[in-house]
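The values are calculated or read from the model by the stated rules, or taken from the named source; none is laboratory data. From a predicted model like this one, the values you see are computed outputs, not experimental measurements. Using ideal geometry, Cβ is built from the backbone for each residue, glycine included, and neighbour counts are taken over all protein chains shown.
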Amino acid sequence: MVKRKMREPLAFKNPNRSWVVAELRKLYGEWKSWSLKVGEIEDHPYNKNTEAECFADGRENMHTHRILQTRTLTFLDNNIQGHDFMLSNQYEEPYEDIMGRLKSKVPYRVQELEVLMASLEYALVPDSFWKEQGKKMVENLATVAPEKAADTAASWLRNPLSFK
């Protein structure tokens with residue numbers, strides 16, 4: 001029987017949430033561009049007796065894919081907790097068919113990034129983020145009259161992420 005793994009909560013490790021989201025969008029753009037290029041790959045010659053069909057994608061394309069995949073996972077490992085649903089079939093080990101053709105793999109990576117980006121709206125943020133937001137609020141409150149400070153504090157309590 002295969003054991004289903006428990007999901008980690010989705011959370012930002014890096015308190016600079018806007019930077020993380022911006023960098024993730026850049027990586028997503030690279031994956032979209034890669035997806036277009038992969039769609040245009042013509043089969044490369046390979047030895048059908050000793051090599052898997054994936055070699056028809058060309059060694060340089062397989063290498064490029066591996067680099068983009070590793071860069072993406074390194075970024076995610078360093079900045080976002082709970083992204084482990086990516087490259088996974090929700091069972092014990094993350095998985096990607098290394099023998100599969102890029103045309104069948106890359107669209108799934110793009111789709112996983114889309115799911116992750118859509119989910120980040122609900123991700124937890126570290127306490128250091130909230131402390132930094134609190135410092136900004138206190139600094140702002142110190143520069144305005146008491147009545148304005150009360151309005152600003154009320155506004156911040158309603159929506160702390162909109163506070164500049």
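Taking the stated definitions as given, is A52 within 30 Å of K131 (Cα to Cα) and either surrounded by 11 or more Cβ atoms within 10 Å (Cβ to Cβ) or at pLDDT 90 or above (or both)? No, not satisfied.
Residues in the range 111-125 that are surrounded by fewer than 17 Cβ atoms within 10 Å (Cβ to Cβ) and of a type in the set (D, E, K, R) were compared, and the one that is modelled with the highest pLDDT is E114.
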